[in-house]
Each structure stands twice: as structure tokens, then as C-alpha cells.
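Below: one structure, written as C-alpha cells.
The values are calculated or read from the model by the stated rules, or taken from the named source; none is laboratory data. Bear in mind that the values here come from a model prediction, so they are computed numbers and not experimental data. Methodologically, a virtual Cβ is constructed for each residue, glycine included, from the backbone with ideal geometry; neighbour enumeration extends over all protein chains shown.
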Amino acid sequence: MGLEAEVINELRRAVGREHVIASSNDLRIFERDASIEGAAPDAVVLPANTAEVSAVIKIAAKHRIPVVPRGAGTGLSGGAVTIRGGIALQVTRMRRILEIDPVAQTALVEPGVVNQELSLAAALHKLFYAPDPSSQKACTIGGNAAENSGGPHCLYYGVTTNHVLGMEVVLADGSVHWVSGDAPDRVGLDLCGVLVGSEGTLCAITKIKVRLLRLPPSVATLLAAFPTIETASQAVSAVIGRGIVPAALEMMDQVTVGAVEAHYHAGYPTDAGAVLLVEVDGIAESTSELMAAIRTVLGENQGYAMREAQTPSERDLLWAGRKGAIGALGRIKPNYYLHDGVVPRSRLPQILSAVGEIGVHYKLPVANVFHAGDGNLHPNILFDLRDTDVWPQVENAGEEMLRAVVELGGALSGEHGIGLEKSAFMPWVYSPDDLDAMWRVKGALDGAGIMNPGKIFPDPEHKRPHLAGRTGLAVEAKWW
Amino acid sequence: MVVTSRTVEKPATAEEVARLLHEAAEAGHAVFPVGGGRATQMGDPASRDGIEIRTTALDRVLERSQADMVVSVEAGITLESLQAELGKGGQFLPLDPFNSPGHTIGGLLATGWTGPLRLRFGSPRDFLIGIRVALPDGRLATAGGRVVKNVSGYDLMKLHYGALGTMGVIVAASFKVFPKALHDASVEATHESMDQAWAAAEQALAMPMAPAALELFSTGRVLARFLGSPDATRRMVAELGWSEANGSVWTEHAKSAPSLWARIAAPRHQLRSVLDELQVDQQWWASPGTGIANWAISGSTDEVRSIRALATAAGGSLVLMAGPDDFRHDVGAWGTPPATLHLMRRLRYAFDPNQVINPGRFVV
């Protein structure tokens with residue numbers, strides 16, 4: 001299809017000739033994010049500021065061309081994929097930290113700022129930005145806000161929506177608005193809260209005001225081994241049930257630990273059925289008391305080989321193993337299909353055993369590495385893309401795992417979003433009336449449907465996502 | 001026109017709420033959802049008469065899972081009943097609104113009323129994980145779920161929180177709940193000058209373990225609450241050096257409910273500059289860590305307008321929480337509408353095109 005030459009020229013006039021990409025070879029680079037399915041855009045536009053974003057969206061609105069905002073392309077549900085073609089609105093030129101206010105403990109950033117860059121800049125003021133997706137070395141704050149991203153430390157600190165104070169957004173007609181801001185209890189509807197997590201289907205985000213938190217004076221990180229994934233799951237419930245909410249409570253199964261240890265040599269016990277990584281922070285009295293209580297509870301639940309990080313570099317190594325776990329899985333199979341579902345925490349043993357059985361049934365290795373404290377599981381189905389016969393099994397196994405999550409009272413996604421990947425499954429958890437309520441919001445803010453069409457809502461025209469476009473190798477993916 | 005008489009309905013099921021709402025909408029009547037009736041003077045006086053739907057018969061706990069730290073309730077349950085239920089398992093909902101007791105959960109979500117614990121735990125906006133509402137077309141729509149982390153589709157909980165029921169009548173909600181702290185200590189001090197009192201508040205807020213609640217009063221009193229492990233809490237109390245207070249001070253404080261009452265919100269480091277402009281005889285209390293103050297107005301409407309102008313200039317607001325109809329009519333409950341009002345109206349229109357629910361009361 002492609003865009004008419006006149007449209008390309010309009011876009012070039014809006015952002016500068018060199019900031020519009022329209023040759024088919026170059027466009028292929030932008031056809032994917034970190035999910036399963038790809039589709040090339042008709043043009044990639046790289047605006048420098050809000051006015052240019054607005055101009056681009058106005059051109060798109062005039063010609064009824066889809067617009068898909070895109071940050072680092074690290075999303076795992078296809079949010080940044082131009083499934084209906086159109087314009088990929090690449091915001092990575094807008095990557096300035098505009099302000100860090102150490103008194104108000106806030107930061108104002110452009111959408112292309114990388115998550116970890118913000119925390120590094122904030123650290124100069126003894127502050128940090130709490131949501132920490134495993135992709136934080138690459139993913140952008142704009143993408144985080146669009147997807148309402150999580151991360152290991154969201155157990156205690158909450159997800160992105162709990163930390164966004166306000167945003168400047170461009171709506172589907174190109175109009176620019178500030179939603180919310182520094183003051184609490186805004187008058188009127190919480191537009192900001194509705195737009196965070198709307199996956200680019202309601203607006204493009206051009207500035208984000210976020211809350212920063214004081215860096216805790218003391219952090220304690222503990223690794224504990226368990227004979228089985230079930231005993232580790234029970235230990236998680238026991239910790240929380242004792243009234244302790246750690247800053248992070250992560251689990252890795254034996255498959256994952258083996259790959260991680262071979263790669264990082266972080267001292268993970270490879271004989272264990274599962275390991276837990278537990279972190280508490282606060283003042284020293286608090287972390288030592290909590291850690292002592294946690295050790296007791298873990299011990300009562302068959303935890304062994306407990307090892308607490310003695311230095312910041314030991315802590316970093318333990319976390320490097322966790323955050324780099326999925327990349328390390330490339331040692332087992334070159335490709336992975338990473339799922340994201342949430343169950344009530346007490347159902348972890350059931351869902352993990354169901355996931356294991358599904359893997360056995362389809363003869364596919366499955367590696368689990370996830371946010372146990374939140375009940376947010378991430379089964380990775382490992383396979384080799386070159387073996388095309390296995391594709392249907394990988395897809396069916398993933399769907400069955402998600403089905404099991406829903407049957408246990410869970411949610412389709414805890415932090416990766418619905419995007420393309422799970423839109424067909426939305427009716428599993430929402431009634432037609434529930435989905436109709438979401439459609440009303442979409443209709444009120446983007447009646448013409450130009451913002452990221454084909455996402456979130458079930459699309460009868462869209463077949464199930466398939467692996468044909470999947471070319472990335474797990475070993476390249478260092479951050480999940 | 002001030003509403004004086006209404007038909008009252010007390011539905012016992014969510015389906016009945018939806019049916020009543022739909023029938024009212026079809027007949028062209030307005031509907032006024034009421035929970036515990038603790039915030040009936042919030043907002044502008046209603047623009048027309050109609051049917052009052054009291055949710056107090058919807059008072060069941062639908063599901064409580066101790067291990068999952070999640071609870072689902074019907075909207076008409078009172079906060080006190082819910083806390084009693086959660087307390088059986090050593091848990092609680094960190095919500096301590098003023099004008100207590102008697103708030104219902106639905107009312108608290110619709111009004112967005114909070115209390116001192118917001119400093120540590122945030123507002124229900126942060127721990128509401130699911131909601132069910134009745135819509136004027138008779139449908140029941142659910143958003144979110146019963147898990148603590150969920151990005152499946154739009155976050156419509158945000159659409160209803162603080163919307164004064166205008167986007168749908170809340171019939172049920174699910175929350176992430178919290179374990180009761182291992183140790184709970186309260187301390188207080190009273191200072192001669194407000195300068196000293198503000199300095200004391202800032203000192204407490206800067207402690208290495210921040211207080212879970214910190215309230216400052218126009219009398220020069222400061223009241224702080226620390227939640228945490230015993231050693232950590234004791235260290236904070238010792239370092240601060242204020243006198244220990246009985247935990248019941250918070251229950252007493254939560255009863256605060258001036259008959260003429262405004263909530264002032266500002267970016268937290270600018271709250272003082274607004275409050276400093278109040279006449280010295282005015283009574284107020286504030287949460288300097290969150291940027292919210294409550295003012296027991298005894299001044300003139302002109303003083304309310306001038307303080308509102310200051311709060312608005314700082315990026316904040318002054319909203320009337322209670323007061324006679326004529327006073328609210330005169331001053332306006334909400335102040336200058338936000339610049340995005342037209343977007344909010346589009347959303348409201350999509351859910352309630354004929355303004356059946358709470359007509360005239362909300363800013364949108």
C-alpha cells in the first residue's frame with residue numbers, strides 16, 4: 001500500500017526531511033517490537049517536540065492514517081507494532097530529562113528518556129524512580145506510561161500509574177493537553193489515570209511528570225533455595241501471610257537458574273528446584289528485623305542455602321542474574337515465547353503445576369522467572385524458530401497457560417499489556433458490557449480510530465498471533 | 001433550584017440498582033446515589049429533583065482472601081464493617097477519611113475522600129483493583145479484577161474514582177489490602193508559633209523512616225504516626241522527641257467535619273504559602289506531606305474566593321466539602337473548571353448522555 005507521496009511530503013514538512021523514513025528497506029527495521037508478531041509501517045516519523053507530534057497527528061487525522069507511538073520497541077505484547085500500517089511515531093529524539101526537582105521530588109521528562117537514565121540522574125539527588133521493568137536499560141518512560149509497566153520492585157512500590165503525576169498528551173485530533181499535575185485531588189475526571197496504560201490507543205504522550213522517591217538508606221537482598229517450585233510458592237504465601245511486604249520477591253525455577261548460573265556465575269544454587277530472591281529496604285533497624293523474620297519463615301518452609309548479599313556489588317550480581325535471566329535462556333533454546341499473567345498469590349502452586357504439565361504435554365521446555373510476590377508469572381516457552389513444526393505447539397501451549405491463569409481467577413496481563421498478543425482473549429475476562437465500557441472511552445477520545453488501531457479490543461479480522469515474523473534470538477535479548 | 005424532596009429506593013442487589021437507574025433514565029428522572037450520607041453536601045446543589053438510590057442494603061463482603069491480601073465488597077458496606085472483617089485476619093484498608101464513622105466504600109470511591117494515612121499508603125486510587133458499576137442504560141460493567149497487578153485493557157477504575165458517581169453508580173469494588181503494622185506509634189507536640197509547627201512537620205517528614213501520617217493544625221499542634229518494625233519505629237519516636245500520644249487520637253481526628261468545610265490541595269511544598277494567607281482566626285488542619293489541607297471556614301465568601309485563587313495559581317484547588325446550599329451556590333463547589341473540561345464532558349456523555357446521575361453537582 002504505502003502512503004501517497006503528498007502525505008510523505010506533508011510529514012517531511014512537519015518534522016524535517018531527514019526525520020521521515022519511507023524506504024521499504026529502512027521501514028523493515030521498525031516492523032517489530034519484542035513480541036511475536038510484526039508488520040512494517042508505511043512511514044516512520046521522528047518528531048523533535050510536542051508541536052511536531054501534534055502536526056504529525058493532524059496530518060494523520062486528515063488522511064485517516066493510523067498512528068502508532070513507539071519508544072524503544074521493547075514491548076512484549078505488540079503495542080508498538082503497526083499492524084494496520086500507517087505511521088510509526090518514533091519518540092526517541094525526545095529524550096531530555098527536562099527537570100529534576102529535589103524539593104518536590106518530581107521529574108519532568110520527555111517520552112524517549114530511558115527508564116534507567118532517569119534513575120541514574122535522580123540518584124544524584126539521592127532519589128529514584130520506582131518502576132523498574134527488567135528492560136529498564138532500554139525501555140522508555142513514555143512506553144512505560146503507555147503500557148503501565150511494572151517490575152520487580154512494584155510489589156511494594158506500585159506500578160507506573162502510581163508514580164505518574166501528570167502528562168502532556170496529544171489526542172487523535174492533534175490537540176495538546178496537560179492532564180493532572182503536581183497537586184493532589186484534581187478537580188474533574190482523572191484523565192491521566194485513564195490514559196496511563198491505554199497502550200497508545202488514546203493519545204501520544206509527549207511529557208511525563210513523575211514522582212521520585214528517596215533512596216532507602218539500607219537494602220538487604222537474600223537468595224534462598226527450595227527443593228521444589230511448590231515449596232517456594234508456599235514460602236511466598238507464608239512471607240506475605242506473616243504481614244511482611246518485601247520491596248521485591250522474585251522466583252526462578254531450576255531451568256532458569258541453570259541458565260543464569262552458567263551465564264552470570266552469581267552463585268545461584270543449581271541443584272534447587274526453585275530459588276527466591278527477596279529484597280527489603282528502609283532504615284537499618286527495619287531491614288535487619290524484616291530480614292530476620294523472612295529467614296525464619298523461609299526456613300519453616302524448607303528454604304535452605306540462604307545467602308544475603310554482603311556488598312552492593314554482590315547485590316548487583318544477584319539482580320543481574322534475575323534481570324538477565326531471559327537472555328540467558330538462549331543457552332537452552334535460541335527462541336522464547338514469554339507470557340505474562342497474574343493469579344491470586346495463593347494459586348501460584350496450582351498455576352505453576354498447570355504450566356509445567358502443559359509444557360510436558362507439548363514436549364516444550366518451560367522456564368519460569370517471575371514476580372512471585374504479586375502472583376505475576378512469566379512462563380517462557382523455549383523453542384527453536386527454525387523448527388517450523390513446533391510453532392503451532394508453542395502457540396497452543398501459550399494459550400492454554402493463559403486459559404489456566406484465567407480459570408484460577410487471574411488476569412490476562414500484569415505488566416506487558418494486551419496489545420495484539422492477547423486482544424482475542426479479552427472476552428475470557430470481560431463481558432460484552434465490560435468491553436463496551438472501554439469502547440465508549442475509545443469512541444469519546446478517538447472516534448475516527450486512528451490511534452494504534454487493532455490493539456486491546458478483540459478484532460475479528462485479526463487472526464491469532466503467529467510466530468512467522470519472529471526472528472530475534474533470545475541471546476540478543478539481554479533485559480528480560 | 002434547590003432539591004427538597006426525593007423518592008428513596010433501597011435496592012438489595014446490583015441488578016436492582018441497574019434496573020432502577022435505567023427506569024429513571026427512561027422516565028427522565030434524575031438519580032442521586034447515596035451511601036452513608038456523609039458527603040451529601042459535596043458539590044454544587046443539584047439542578048433538578050429525582051430519585052435517591054441508597055446503597056446501604058448492598059453491604060456484603062463478596063470475597064475475602066487473607067493469603068492474597070485482596071477483598072471484594074458491595075458498595076454499601078461501611079468502612080467500619082469492612083475494617084472489622086479485615087481485622088480478623090490482621091489486615092486493614094489504609095483509609096481513614098474525615099467525617100467518620102459511617103462512610104460507605106462506594107461513597108468513598110465516588111467522592112475521593114481520604115485521611116491522614118494517605119501520606120504513606122496513597123489514596124484508594126492506588127489500591128482499588130476492581131470496580132463494578134451500574135450504567136444509565138441498565139448495563140452492569142466491571143473493570144479490573146481481583147488480582148493486585150493488572151493491565152488488561154483500559155484502567156476504568158480511574159474513570160470512576162472521584163467522579164461523584166457521574167460515570168456510573170458504583171455497586172462493588174475490590175481492593176488490595178495491607179497487613180497491620182508490626183508496631184504502631186503516635187507522637188505529638190504543640191508549638192507556640194506556626195513557624196515552629198511547620199518546621200516540626202518538615203523535620204518529621206524528613207526522618208529516615210517517614211511517618212505514615214503527619215497532621216499539622218492551625219493551633220500549632222503536630223501529630224505523627226509511625227508504622228513499621230518495632231525497633232525502627234522506636235528509633236524514630238526517640239529521635240523526634242515528641243510526647244507519645246494514644247492511638248485513639250486518630251479515631252477522634254477522623255471525626256473532624258466542619259459544617260462549612262473546604263479542602264485545599266496544592267503541590268505539597270506550596271501548601272504553606274496558601275495557608276499562610278488565611279486570617280489568623282481561621283481553623284484548619286493539614287497533611288503537609290501530601291499537599292492537602294482542610295479548612296473550617298468561618299470567614300467570608302470573599303476570603304474563600306481569594307484563597308481559592310491562590311490555590312489555583314499554585315496548580316491546586318479549593319473544593320467545598322460541606323456547607324449550606326446557598327453558600328455553595330454563591331462560591332461554587334469546584335472553582336474554575338479544568339482546561340480539559342470538554343474532554344471530560346465527552347467521556348461523561350458517552351456513559352450518561354442525559355446527565356441522569358447527580359445532575360448539576362459535579363464540575364463535569
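Within the range B:164-188, take every residue that is of a type in the set (S, T, Y) and within 17 Å of the chain's Cα centre (by Cα) and give me the one that is nearest to the other protein chains (Cβ to nearest Cβ). The extreme case among them is B:T166. For B:F362, the conditions (1) crowded, with 21+ Cβ neighbours inside 10 Å; (2) not assigned by TED's automatic domain parsing to the domain that holds B:G43 are fulfilled apart from (2). Condition check: on the phi < 0 side of the Ramachandran plot and not hydrophobic (A, V, I, L, M, F, W, C). Does B:Q355 satisfy that? The answer is no for B:Q355. Within the range B:175-186, does at least one residue satisfy the condition of being buried (at least 22 other Cβ atoms within 10 Å of the Cβ) and touching a Pro at 6+ places or on another chain (Cβ under 9 Å)? Yes, that holds for at least one residue. Scanning the range B:312-330 for residues that are part of a helix (DSSP H, G or I) and among the small types (G, A, S) yields a single hit, B:A313. You will find that of B:A265, B:A296, B:A313, B:A286, the residue that is without any contact (Cβ under 8 Å) to a residue 12 or more places away in the chain and either out of contact with any Cys (no Cβ under 9 Å at 6 or more places or on another chain) or among the basic types (K, R) (or both) is B:A313 and no other.
Yes/no matrix, rows are residues, columns are (1) outside any helix (DSSP H, G or I); (2) of a type in the set (A, V, I, L, M); (3) surrounded by 24 or more Cβ atoms within 10 Å (Cβ to Cβ):
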| residue | (1), (2), (3) |
| --- | --- |
| A:V245 | yes, yes, no |
| A:T256 | no, no, yes |
| A:A259 | no, yes, yes |
| A:A262 | no, yes, no |
| A:T270 | yes, no, no |
| A:V278 | yes, yes, yes |
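What are the residue pairs meeting all of these: first residue in the range A:42-67, first residue outside the structural domain of A:L27 (by TED's automatic domain parsing), second residue part of a helix (DSSP H, G or I), Cβ atoms under 6 Å, and 6 or more apart or on different chains? Correct list of pairs: empty, since none qualify.
The residues in the range A:152-188 that are assigned to a strand (DSSP E or B) and not polar (S, T, N, Q) can be counted, and the count is 12. Taken over the range B:333-356, the criterion of being more than 7 Å from chain A (Cβ to nearest Cβ) and under 19 Å from the mean Cα position of the chain (by Cα) is satisfied by B:A333 alone. Against the condition free of Cβ contacts under 8 Å to residues at least 12 places away in the same chain and either within 14 Å of chain A (Cβ to nearest Cβ) or among the acidic types (D, E) (or both), how does B:G115 come out, does it pass? So B:G115 fails the test.
From the list A:R440, A:R403, exactly one residue is more than 30 Å from A:L171 (Cβ to Cβ), among the basic types (K, R) and outside the structural domain of A:A224 (by TED's automatic domain parsing). Which is it? A:R403 is the lone residue from the list that is more than 30 Å from A:L171 (Cβ to Cβ), among the basic types (K, R) and outside the structural domain of A:A224 (by TED's automatic domain parsing).
Looking at A:G193, A:G200, just one residue is small (G, A, S) and within 7 Å of chain B (Cβ to nearest Cβ), and that residue is A:G193.
Restrict the check to the range A:95-104 and report whether at least one residue is outside any helix (DSSP H, G or I), of a type outside the set (V, I, T) and crowded, with 21+ Cβ neighbours inside 10 Å. Within the range A:95-104, not a single residue is outside any helix (DSSP H, G or I), of a type outside the set (V, I, T) and crowded, with 21+ Cβ neighbours inside 10 Å. For the range B:287-315, a tally of residues being among the small types (G, A, S) and in contact with a Phe, Trp or Tyr (Cβ under 8 Å, 6 or more places away or on another chain) returns 2.
On the basis of being part of a loop (DSSP other than H, G, I, E, B), at pLDDT 90 or above, in contact with a strand residue (DSSP E or B) (Cβ under 8 Å, 6 or more places away or on another chain) and more than 12 Å from A:L222 (Cβ to Cβ), does A:K363 make the cut? No; evaluated as a whole, the condition is false for this residue.
Filtering the range B:57-84 to residues that are more than 23 Å from B:V133 (Cα to Cα) and surrounded by fewer than 22 Cβ atoms within 10 Å (Cβ to Cβ) leaves B:Q66, B:A67, B:A84.
Yes or no: the range B:154-163 includes at least one residue that is assigned by TED's automatic domain parsing to the domain that holds B:I292 and within 21 Å of the chain's Cα centre (by Cα). Give the derivation first.
Start the filter on the range B:154-163 by keeping residues that are assigned by TED's automatic domain parsing to the domain that holds B:I292, which leaves none.
Looking through the range B:154-163, none of the residues is assigned by TED's automatic domain parsing to the domain that holds B:I292 and within 21 Å of the chain's Cα centre (by Cα).
Would you confirm, using the coordinates I've provided, whether B:T114 is surrounded by 24 or more Cβ atoms within 10 Å (Cβ to Cβ), among the β-branched types (V, I, T) and touching a Ser or Thr at 6+ places or on another chain (Cβ under 6 Å)? Yes; evaluated as a whole, the condition is true for this residue.
As for the range A:419-434, it holds no residue that is without any contact (Cβ under 8 Å) to a residue 40 or more places away in the chain, surrounded by 18 or more Cβ atoms within 10 Å (Cβ to Cβ), farther than 23 Å from A:I240 by Cα and away from every other protein chain (no Cβ under 11 Å). Looking across the range B:223-252, the residues that are within 25 Å of the chain's Cα centre (by Cα) and surrounded by 19 or more Cβ atoms within 10 Å (Cβ to Cβ) come down to B:L223, B:A224, B:R225, B:F226, B:L227, B:G228, B:W250.
Among residues of the range B:51-85 being at pLDDT 95 or above and of a type in the set (G, A, S), the one that is nearest to B:P179 (Cα to Cα) is B:A84. Scanning the range B:92-131 for residues that are part of a helix (DSSP H, G or I) and either hydrophobic (A, V, I, L, M, F, W, C) or touching a His at 6+ places or on another chain (Cβ under 8 Å) (or both) yields B:I105, B:L108, B:L109, B:A110, B:L119, B:F121, B:F127.
The number of residues in the range B:132-156 being facing chain A (nearest Cβ under 7 Å), of a type in the set (V, I, T) and either surrounded by 23 or more Cβ atoms within 10 Å (Cβ to Cβ) or outside any strand (DSSP E or B) (or both) comes to 3. Residue pairs whose Cβ atoms lie under 6 Å apart, separated by 6 or more positions or on different chains, with the first residue in the range B:45-73 and part of a strand (DSSP E or B) and the second polar (S, T, N, Q) and surrounded by fewer than 17 Cβ atoms within 10 Å (Cβ to Cβ), are B:I51/B:T7.
Only residues that are away from every other protein chain (no Cβ under 11 Å) and not in a helix (DSSP H, G or I) were counted across the range B:197-226, and they come to 15.
Each residue in the range A:274-313 was checked for being over 15 Å from A:S218 (Cβ atoms) and either in contact with a Phe, Trp or Tyr (Cβ under 9 Å, 6 or more places away or on another chain) or of a type outside the set (S, T, N, Q) (or both), and 17 pass. I'd like the full set of residues that are on the phi > 0 side of the Ramachandran plot, over 18 Å from the mean Cα position of the chain (by Cα) and more than 7 Å from every other protein chain (Cβ to nearest Cβ), limited to the range B:310-332. B:G332, the sole residue that qualifies.
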